[in-house]
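To keep things clear, I will list the structure first and then write my remarks on it.
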Amino acid sequence: MIHATRLTKRYGSILALQDLNLTVPDGAVFGLLGPNGAGKTTFLRLAVGLLFPDSGQISLGQCPPYQVGYLPERPHFPGSFRVGEYLVTAGRVGGLDRYGARQTARRALEQTGLSLLAERRIASCSKGMLQRLGVAQALLLDPPLLLLDEPLDGLDPAAQAAMRQLIQLLGQAGRTVLVCTHRLSDVTQMCTHVGILAQGRLVRTGSMAELTTPRSQVSIVSDPLPEGLTQHLSRIHPQLMISGNQVILPGDALEAKSAVLRLLLDAGLQIWRLEQQKATLEEIYLDAIRSQPPAGERLT
């Protein structure tokens, strides 16, 4: 759906994006991760045509710009409007007739949990309400592509959970959703794909399944280990590690797995858990960010 090739953008002397190559597959819920100033917001603004690249290209496949649902980083609304009234007006501006605009606004209010606030003046809305209103506006015209900049920003825990579920459901319904965020836990819970930006460069990308492939490490949890058995186990392999009642076999120590299990069982110990561990998104993210050389001042 989204395809960027050697995308570069500068703000004067500041390099915001550098030779970025990125593909967001159709139907993906794609989390674009990165620290503040990594270039996430710049990428979204280029995608929707609010900015133009200095070099390179970005395309949205067969999706025309008017069919893109966009939530900016800091949405602004006319304070004198009521919430429902504003969405109806936005629908009319988007080309819907009055009946269609009302129906669409009602659906968007329900999706974002704003139905009971339809008559509320926008000026009296909290930051979290305004954030949900921005998502509701992005959903108005039933777009096949959604570009959401920090959609969970300002939401309370219950509203965050509801927003994560909504984004997951949109992906399951076949929409393509690109979420820019620095919140690792949100990406882990709702995204099918992830890209990591650092200093304007894409340093890692892939499906969640690809990026969190099992590491070459096995953990065995058993009954408490007798002191004599602990000493015996530690001599099996130099890389073997023991922490309480857990035996960890990293790297080449994996070859000792059968011997370790045999010793534990011969000692009459119960094996409670044996698992090949996966890399966490936090570990992948930190490794990717740390691998980048220092950079000077940057913008988002």
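Does region 71-88 contain any residue that is in a helix (DSSP H, G or I), touching a Cys at 6+ places or on another chain (Cβ under 9 Å) and more than 24 Å from I196 (Cα to Cα)?
yes
What is the one condition in (1) among the hydrophobic types (A, V, I, L, M, F, W, C); (2) surrounded by fewer than 20 Cβ atoms within 10 Å (Cβ to Cβ); (3) under 15 Å from A138 (Cα atoms); (4) in contact with a Lys or Arg (Cβ under 9 Å, 6 or more places away or on another chain) that F77 does not satisfy?
Unmet condition: (4).
Do we have any residue at all in region 95-113 that's of a type in the set (K, R), within 26 Å of the chain's Cα centre (by Cα) and within 21 Å of F30 (Cα to Cα)?
Looking through region 95-113, none of the residues is of a type in the set (K, R), within 26 Å of the chain's Cα centre (by Cα) and within 21 Å of F30 (Cα to Cα).
From the list F43, F52, which residue is more than 30 Å from R106 (Cα to Cα) and either touching a Lys or Arg at 6+ places or on another chain (Cβ under 7 Å) or assigned to a loop (DSSP other than H, G, I, E, B) (or both)?
It is F52.
Could you list, in sequence order, the residues of region 205-237 that are at pLDDT 90 or above and either under 30 Å from H182 (Cα atoms) or part of a strand (DSSP E or B) (or both)?
T205, G206, S207, I220, V221, S222
Would you please list the contacts, defined by Cβ atoms under 8 Å and residues six or more apart or on different chains, that run from a residue in region 164-181 that is touching a residue at least 40 places away in the same chain (Cβ under 8 Å) and under 14 Å from V194 (Cβ atoms) to a residue that is part of a helix (DSSP H, G or I) and among the basic types (K, R)?
Once the first residue is touching a residue at least 40 places away in the same chain (Cβ under 8 Å) and under 14 Å from V194 (Cβ atoms) and sits in region 164-181, its partners that are part of a helix (DSSP H, G or I) and among the basic types (K, R) give C180/K40; T181/K40.
Would you point out which residue out of T213, T205 is surrounded by 15 or more Cβ atoms within 10 Å (Cβ to Cβ) and touching a strand residue (DSSP E or B) at 6+ places or on another chain (Cβ under 8 Å)?
Selected residue: T205, the only one of T213, T205 that is surrounded by 15 or more Cβ atoms within 10 Å (Cβ to Cβ) and touching a strand residue (DSSP E or B) at 6+ places or on another chain (Cβ under 8 Å).
How many of the residues in region 46-96 are β-branched (V, I, T) and touching a residue at least 40 places away in the same chain (Cβ under 8 Å)?
Counting residues in region 46-96 that are β-branched (V, I, T) and touching a residue at least 40 places away in the same chain (Cβ under 8 Å) gives 4.
Identify all residues within region 263-280 that are loosely packed, with under 11 Cβ neighbours inside 10 Å and either farther than 30 Å from L184 by Cβ or free of Cβ contacts under 8 Å to residues at least 24 places away in the same chain (or both); write none if there are none.
Passing the criteria: D266, G268, Q270.
Given the condition surrounded by 13 or more Cβ atoms within 10 Å (Cβ to Cβ), assigned to a helix (DSSP H, G or I), in contact with a strand residue (DSSP E or B) (Cβ under 9 Å, 6 or more places away or on another chain) and on the phi < 0 side of the Ramachandran plot, answer yes or no: does some residue in region 238-254 qualify?
Yes, that holds for at least one residue.
Which one of L140, L197, L109 is modelled with pLDDT of 95 or more and either touching a Gly at 6+ places or on another chain (Cβ under 7 Å) or outside the structural domain of L33 (by TED's automatic domain parsing) (or both)?
When all the criteria are applied, what remains is L109.
Within region 17-71, track down each residue that is charged (D, E, K, R) and surrounded by 23 or more Cβ atoms within 10 Å (Cβ to Cβ).
K40
Report yes if G37 is over 28 Å from L211 (Cα atoms) and in contact with a Ser or Thr (Cβ under 9 Å, 6 or more places away or on another chain), otherwise no.
no
When the residues of region 89-116 are filtered to those that are of a type in the set (A, V, I, L, M, F, W, C) and assigned to a loop (DSSP other than H, G, I, E, B), which remaining residue is surrounded by the fewest Cβ atoms within 10 Å (Cβ to Cβ)?
Only one residue fits best here, namely L96.
Please verify whether L148 is out of contact with any Lys or Arg (no Cβ under 9 Å at 6 or more places or on another chain) and assigned to a loop (DSSP other than H, G, I, E, B), treating the condition exactly as stated.
Spelling it out, it is not the case that L148 is out of contact with any Lys or Arg (no Cβ under 9 Å at 6 or more places or on another chain) and assigned to a loop (DSSP other than H, G, I, E, B).
The values are calculated or read from the model by the stated rules, or taken from the named source; none is laboratory data. The shown structure was predicted, so the numbers you read here are calculated from the model rather than taken from an experiment. Neighbour counts run over all protein chains shown; Cβ positions are idealised from the backbone, glycine included.
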